[in-house]
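The values are calculated or read from the model by the stated rules, or taken from the named source; none is laboratory data. Everything quoted here is computed from the prediction, not taken from an experiment. Glycine gets a Cβ as well: all are built from the backbone with ideal geometry, and neighbour counts include every protein chain shown.
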Amino acid sequence: MKSIKRTIKYDADRVQGFGREIMGVTGCEQLPSCIQCGTCSGACPLSIYMDFSPRQVMALVRADFKREVLSSNTIWLCASCYGCTVECPRQIRITDIMYALKQRAIREGVYPKGMPIPVLAREFTRMVLSKGRITETLLVMRLFLKANWRAVLSSWRLGLGLIQTGRFVLKPERIERREELAAMLATVSVTRHAARAAKGRHHATPEQLIAEEVP
Amino acid sequence: MSASNGNGNGNGNRNGSQTGAIRIGFYVCHCGHNIGAVVDCAAVAHYVGTLPGVVLSRDYKYMCSDPGQELIQSDIREHRLNRVVVASCSPLLHEHTFRTAVERGGLNPFYFQMVNIREHNSWVHNDRELATVKAKAQARAAVERVRYHDSLRTTRVPIQPDVLVVGGGISGIHAALTLGNAGKKVFLVEREPSIGGHMAQFDKTFPTLDCAACILTPKMSAVRAHENITLWTYSEVAKVEGYVGNYTVTIRRRPRYVIEDLCVGCLECVGKCIYKEAKFPDDFNVGLSRRKPIYIPFPQAVPQVVLIDPERCLQVKTGKCKKTCLEACADRKAIDFSQQEELVQIKVGTIILATGFKLFDAKRIPQYGYGLYPNVVTSLELERLVTSSGPTSGEIILRDGSKPRTAGFILCVGSRDTRTNRWCSRTCCMHSMKLAQLFKEHTQADVTIFYMDIRAPGKGCEEFYDKSLREGIRFVRGRVAEVTDWALAPEEEGKLVIRVEDTLAGFVRRIPVDMIVLAVGMEPQADSQAMRRLFNLSCSTEGWFLEKHPKLAPVSTFTDGIFIAGCCQGPKDIPDSIAQAGAAAAECLALIDRGYIEQEPNTAHIHEENCSGCKSCLPLCPYTAISFDETVGRARINEALCKGCGTCVASCPSGAIGQHLFEDEQIFKEIEGILA
Ligand SMILES: Cc1cc2nc3c(=O)[nH]c(=O)nc-3n(C[C@H](O)[C@H](O)[C@H](O)COP(=O)(O)OP(=O)(O)OC[C@H]3O[C@@H](n4cnc5c(N)ncnc54)[C@H](O)[C@@H]3O)c2cc1C
Ligand code: SF4
Ligand code: SF4
Ligand code: SF4
Ligand code: SF4
């Protein structure tokens, strides 16, 4: 038998100001005019697997239900197809809001356990930042190791096939003159640090910086 | 600068600044919080009180109220004021109010100047300090100007009692009948070959479900039979000149190749037309049926007269037809292939525009499949299908002739969408419920309405919503994402599939149906911008004609004597359209029955001593108000003809022309005041 749970929400369950913060992110400013029509959910190819539909995510953000939104699988299932954004009658950039929420979830480390997508996002950026490009094989390996190492065992045959056909290169790839990339990135993060300092947020860790780089 | 004496031919007495001391009374209005919250009114009053010539300066909560007006009157008497300045709202709203108050106080009403510190200040600023500085500058300008004001008289021009009504939908029909019944002569101009507008195409009308034709056609016939109404269908307005009370309008009458007075509507000609088959799409049935090149728009058309479509008629196109219609018409001799376009000029005093709306083109939303899937129709097409006089004699059938067993109505098509039309079209929730009820009644089908919000605020409309619910119409709250013919489940085979989030149930659903009805919204007419220019009106950015005031003057426009009614002002249902039409007719009657128009004394006048007789002003006056007196070698302005456009004033090389209300010294002092 399914256990019966209390579903009522109290005002203390809200994180006041969360909605406003998300709506302050570039691209998310239109959210206040959402009319909860559900076109985004209807247009979304993945909404049938989501725990909250995109429309519900919009409502939850607006109502400051931060914990519910950040721990939902919706933001991670979003495939960035932009179908919803194209169809929304209020021109709300739902996909951008999904990104803002993903960034927030990574920064706060609240994404659902075993969800590979945030891990992938982080490993992807790390690799690009240090090597200038990614090596798909290594990225996938790291993803498996960090998210679900048992999966390696079940997928070894596929992997082997890919290596044999040359689709999967084992040699790590990197760009030349990586020091120039590093210098470039340093200026970016210096500017970001400055911007953050101006906003009174001095203590962003490098970890958070990387998280904000995603993707 | 003009010389100080313009009495010669003016209606003004330009001696104000010369006789005695100037005693100015200044009033600044709080307009409740409208001005008071942004402008420090007490500070403005205090400042203006220190200016030379100002003997009294007050701030007051509501200057336009009765006590406010009485204050001006008693102050004029007690403090021997001879000039008054009020800083408040727009002169459009209250200039007349304050001029009247000044007159009641015993002064000439033109010894008054109004300053707009609401629309031009408090409503557009939020910095209290700067707004107050600006208000002081505005007030100072008026105080400087008003010293140079003159005592003037308004003139009265008689008003033409005839009225022009443009557009013969239900709004235009109702306005024309109201005016005609009041004994006024009305010209009703309709672009299409018959009057009736959209309503003529409906089967029933919400919320009472009375038969549209039964309530409309008697009014249409009444128009035709009315002794006071001249009906010109298949005609358009080509030109509008003049001003309130005296408009000259040119109407273009397109040739129907049939003489209206001779045709008896027997339709013998249609039967005998060389085209045996009716093969051209019929506009009235929105393309759902066919007609011949010679046709009557619909059985109850008014006037009951056929017309020939020049694009389709062989004779008109090539001149090589056997003209079997001519033979059929025989002695009646109503068909006339030599007919030409005709321009007619009429004189009217007032005009009502009732040009209605057009429907949103459903093809603009490709994901709903209109034009792609034959069983996706618009609500207007369904209106024609359910009407017993329609192309299927009232049977709702799919394109293959079979009966639909399920149907889905998609609401807000093109409406409430920032990418197409932002507005709510106001009638589609209601007419979709009407059509859903009729659909169910005719076919016993399972009908679902897909909506975002049901808007049923009119009288009897919520009850109509309840009736729909009780009759078993399903309602799914969600804006449909797409319509496809793509079956993913066995029950979807051969059907149209609606994909939608059922927002109240909380999941995405796929719902297969046989027929889909799109509730296409209302849009301004395609030519609304051209019409706006023709009649010198304002439009909202979307193209709806703009009313003078959204609450207080809903059928007036910014052009005096021109009124609007019905859907050309914005989406509305029939009861509201009729109410506006009646209101517009009443506004015309109010002007006509007063008998005259009071004209601003803003005419131009010539200072003869400065006129060099060069005649350069003569050809420039658009109203030919300037003549030349050969005996003295000076130009003369006929005040009755001058409209105060100012063209001659600006053009005179000797600076010999002045204009009442806009004299040089008034304007220069105003500028100096604002810059001081
Ligand atoms: C499918 C549908 C169903 C509806 N059902 C209902 C209902 O059941 N009950 C209800 O209350 N309302 C209903 N409505 C709303 C109703 O149609 C409008 O309220 C009504 O038609 C408005 O009348 P109107 O005269 O202002 O405009 P229109 O009916 O559009 O008439 C305007 C007329 O002006 C003419 N015209 C336009 N431009 C010019 C020009 N430049 N020169 C000369 N003539 C011109 C047009 O040819 C037309 O004849 C429905 C609307 C739709 C779309
Ligand atoms: S489509 Fe746009 S308006 Fe509709 S629910 Fe989604 S975000 Fe809101
Ligand atoms: S962008 Fe994301 S939320 Fe939007 S439709 Fe695509 S997958 Fe769904
Ligand atoms: S044109 Fe002649 S034949 Fe045709 S309907 Fe009129 S009167 Fe009859
Ligand atoms: S009346 Fe109803 S269907 Fe029409 S636009 Fe408004 S909400 Fe949508």
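Structure above, values below:
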item	result
Candidates B:628, B:563 - the one that is in the same structural domain as residue B:351 (by TED's automatic domain parsing) and either part of a helix (DSSP H, G or I) or not hydroxyl-bearing (Ser, Thr, Tyr) (or both)	B:563
Residues (within 8 Å of ligand 1 (Cβ to nearest atom) and under 26 Å from residue B:230 (Cα atoms)) located in the stretch B:203-215	B:212
Residue within the stretch B:418-430 that is within 14 Å of chain A (Cβ to nearest Cβ), within 29 Å of residue B:297 (Cβ to Cβ) and not acidic (Asp, Glu) present	yes
Residue A:27 vs. criteria in contact (Cβ under 8 Å) with a residue 60 or more places away in the chain, out of contact with any strand residue (DSSP E or B) (no Cβ under 9 Å at 6 or more places or on another chain) and assigned by TED's automatic domain parsing to the domain that holds residue A:95	yes
Test: residue in the stretch B:525-547 that is assigned to a strand (DSSP E or B) and crowded, with 17+ Cβ neighbours inside 10 Å	yes
Given (1) in a loop (DSSP other than H, G, I, E, B); (2) closer than 30 Å to residue B:423 by Cα; (3) away from every other protein chain (no Cβ under 14 Å), index of the condition residue A:95 fails	(1)
Subset tally (residues that are at the interface with chain B (Cβ under 9 Å from one of its Cβ atoms), within 21 Å of residue B:482 (Cα to Cα) and away from ligand 3 (no atom under 13 Å from the Cβ)) for the stretch A:17-48	3
Total residues in the stretch B:337-376, condition of a type in the set (D, E, K, R) and free of Cβ contacts under 8 Å to residues at least 60 places away in the same chain	2
Of all residues making up the stretch A:63-79, the number that are part of a helix (DSSP H, G or I), within 15 Å of residue A:9 (Cα to Cα) and within 16 Å of ligand 2 (Cβ to nearest atom)	1
Index of the failed condition, residue A:51 passing every other in (1) buried (at least 16 other Cβ atoms within 10 Å of the Cβ); (2) charged (D, E, K, R); (3) closer than 29 Å to residue B:482 by Cβ	(1)
Number of positions in the stretch A:54-90 that are under 20 Å from residue A:109 (Cβ atoms), among the aliphatic types (A, V, I, L, M), within 14 Å of chain B (Cβ to nearest Cβ) and surrounded by 21 or more Cβ atoms within 10 Å (Cβ to Cβ)	2
Residue among B:195, B:251 that is in contact with a helix residue (DSSP H, G or I) (Cβ under 8 Å, 6 or more places away or on another chain), away from ligand 5 (no atom under 16 Å from the Cβ) and outside any helix (DSSP H, G or I)	B:195
Residue ID - surrounded by the most Cβ atoms within 10 Å (Cβ to Cβ), chosen from residues in the stretch B:262-296 that are within 24 Å of residue B:318 (Cα to Cα) and touching a Phe, Trp or Tyr at 6+ places or on another chain (Cβ under 7 Å)	B:293
Test result for residue B:361, surrounded by fewer than 23 Cβ atoms within 10 Å (Cβ to Cβ) and either under 30 Å from residue B:433 (Cβ atoms) or within 16 Å of ligand 1 (Cβ to nearest atom) (or both)	yes
Residues (among the β-branched types (Val, Ile, Thr) and part of a loop (DSSP other than H, G, I, E, B)) located in the stretch B:371-402	B:387, B:392, B:396, B:397
Qualifying residue in the stretch B:104-124 (condition: within 32 Å of the chain's Cα centre (by Cα) and free of Cβ contacts under 8 Å to residues at least 12 places away in the same chain)	yes
Pairs, first closer than 14 Å to residue B:410 by Cβ in the stretch B:429-451, second in a helix (DSSP H, G or I) and of a type in the set (Phe, Trp, Tyr), C-beta under 7 Å, six or more apart	B:433/B:464; B:433/B:465; B:447/B:439
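Condition check ((1) modelled with pLDDT under 95; (2) in contact with a Cys (Cβ under 8 Å, 6 or more places away or on another chain); (3) of a type in the set (Asp, Glu)) across all residues:
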| residue | (1), (2), (3) |
| --- | --- |
| A:11 | yes, no, yes |
| A:30 | no, no, no |
| A:35 | no, no, no |
| A:43 | no, yes, no |
| A:50 | no, yes, no |
| A:55 | no, yes, no |
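Yes/no per residue for (1) loosely packed, with under 14 Cβ neighbours inside 10 Å; (2) over 20 Å from residue B:520 (Cβ atoms):
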site: B:387; (1), (2): no, no
site: B:393; (1), (2): yes, yes
site: B:403; (1), (2): no, yes
site: B:409; (1), (2): no, no
site: B:481; (1), (2): no, no
